[in-house]
Amino acid sequence: MPVLQKIHCFIIIFMGFFLGFSLSGCSSFQTQEPFYSAAVVTRADLLSGEGLLGDAAKQMTLPEDHVMKISDEMRRYLQRYVPKKTGQKKSGDVTRVRLLAKMIFEKGMLGMHYDVAKTHTAQDAFRFAEGNCLAFSYLFLTLARERGLKVRFQEVDIPPEWNPASKDLYYFSRHVNVRIYLKQNRDYVIDIDRVNFKSHYRVWELSDDQAVAQYYNNKATDYLQEGDVAKTFVYLVKALQLAPKDAAIWSNLGVMYRMQEMYHYAEKAYFIALKYDKRQRSVLNNLSVLYDQMGETEKSEYYARLTREHQLKNPYYRYYRALKAFEGGDYALSLSHLKAAVKRRDDEKKFHDLLGATYAQLGNETKANKAWNKAKKILSSQKY
C-alpha cells in the first residue's frame, strides 16, 4: 500500500504497506541508483502530463480555486461582530483576536464545526461553517488580515498518525494552524483542533504559497481516491507550482504515477522528493512498493529494510504497534513495544496510559499504577 501525505487537520502523504513515516534526527542512509536512467524522465516530463494524458495535456489548465479570497458577505459578517475600532488603543489587537475567535467558534454566530475530511477554501469554510485545520486556517487568517492583524500560517510537528484511505492507500497526517503576532503582548496561536494540539509541539512558519499548496495537495488526494486521474494530476501540479520543494507533494505525484503503472515516472518523482527532504521516510516505503510491483525484488527489500529500521526508531510507531498488539490480546508484545517507545520518549502521556493498561492485563498492579501516575504527572506539567 502506498502512502499519501495530506493535511487532515492533518496533510496527506500516500504511504505504502510497511507504514513508513517522516522521522527527524535519525541516521542518514544511502539510496541505491535509480532503476531507470536519469535521462529517461525529466522533471518537465513529470509536470507536462503528456505521458499521462496524451494530447489532452496540451489543453490542460491548472485550477484556481481562490483559496483565500474574501467575499462581501464575509466582510459584512466581520463588520457586525468584529468592528475595526475597539476603543482600546493598547489592547485593540487582543480584543480583535478574541472577538474574531468568538465569532468563528460560538453558537449563534458562525459556530464553525471541525470536520477532518473537509478541505475548504476560506469562502466555503465560511459558507458551510465547517472544515479541517486547513479550512479553518484559511478562514481565520483571511478575516484577521482584513482587520489589520499580522497573522502567519505555521505547521505543527504532531505525533505521526496512520489512517487507511482504502485497502491500497494509507494517509500520513500533518497539521497546520495560525499564529497572531502582537506588538505589546505575547503571540497567540489559534487552532481548531484544540484537543490534539499541544503548546510544546515544535512549529515552523509556512509562507502563504506553501500553505495554499496543501489545499491543492489535499484535493488531489480526494480525486485520486475517486479515480479521477486528470484532476489528481492538475491539482498536484498546481500544488507544486506553489511549493516546488515540498517533498510530500512530489511523493504523492509518484504514487499517482505508480497507480497508473508508469513506474519510471513514479521513480523519478520519489527521487526528487528525497532530494528535497530525506526525512520523508514514507518515500522509502513507497519506493519499496514501487520496486515490488516492478519485480525488482532486491531493490524492494533494500528500501523495505530501511523503512523498518527507521520505524523501529520511532516511538510513535512503536506505540502504534503496541496498541494493535493490545487490541489483539498480545500483551507481552504490547509491553515490548511500549518499553521501546518510553525509552525514546518518556513525556508522552498516552504511552504511559497504555503501559499502565498493559501491565494491568499482565497482572502487575504495582507497575500499572506507576505508569498511570506518570501519565497524570505529564498531564499536569504540560500547558494546553
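Miscellaneous remarks
- Sites N364 and A129, calculated FRET efficiency, Cβ-Cβ separation with R0 41 Å, nearest 0.05: 0.25
- With neighbours defined as other Cβ atoms within 10 Å of a residue's Cβ, the residues S381, S334 order from fewest to most as S381, S334.
- Across the range 327-334, computed HN-Hα scalar couplings (Karplus, 6.51 cos²θ - 1.76 cosθ + 1.60, θ = phi - 60°) run 5, x, x, 8, 6, 5, 5, 4 Hz from first to last residue, x flagging Gly and Pro.
- For the range 315-381, radius of gyration divided by Kirkwood radius, i.e. Rg to Rh on alpha-carbons: 0.94
- The order of W250, W372, going from fewest to most other C-beta atoms within 10 Å of their C-beta, is W372, W250.
- The dipole here belongs to the range 315-381: it is taken about the Cα centre, uses +1 on the Cβ of Lys and Arg and -1 on the Cβ of Asp and Glu, and is about 260 debye.
- Here is the list for the range 323-384: trypsin sites (Lys or Arg not before Pro) lying in DSSP coil, each with at most 13 other C-beta atoms within 10 angstrom of its C-beta, are K383.
- Listed by Cβ neighbour count within 10 Å, with the fewest neighbours leading, M112, M294, M60 appear as M60, M294, M112.
- Centroid-to-centroid separation of the range 180-255 and the range 347-384 [C-alpha atoms, Å]: 34 Å
FYI, it's all coordinate maths here, none of it is from the lab. All of these numbers come straight from a predicted model, not from anything done at the bench. All Cβ positions, even for glycine, are placed from backbone atoms using ideal geometry, and neighbour counts span all protein chains on display.
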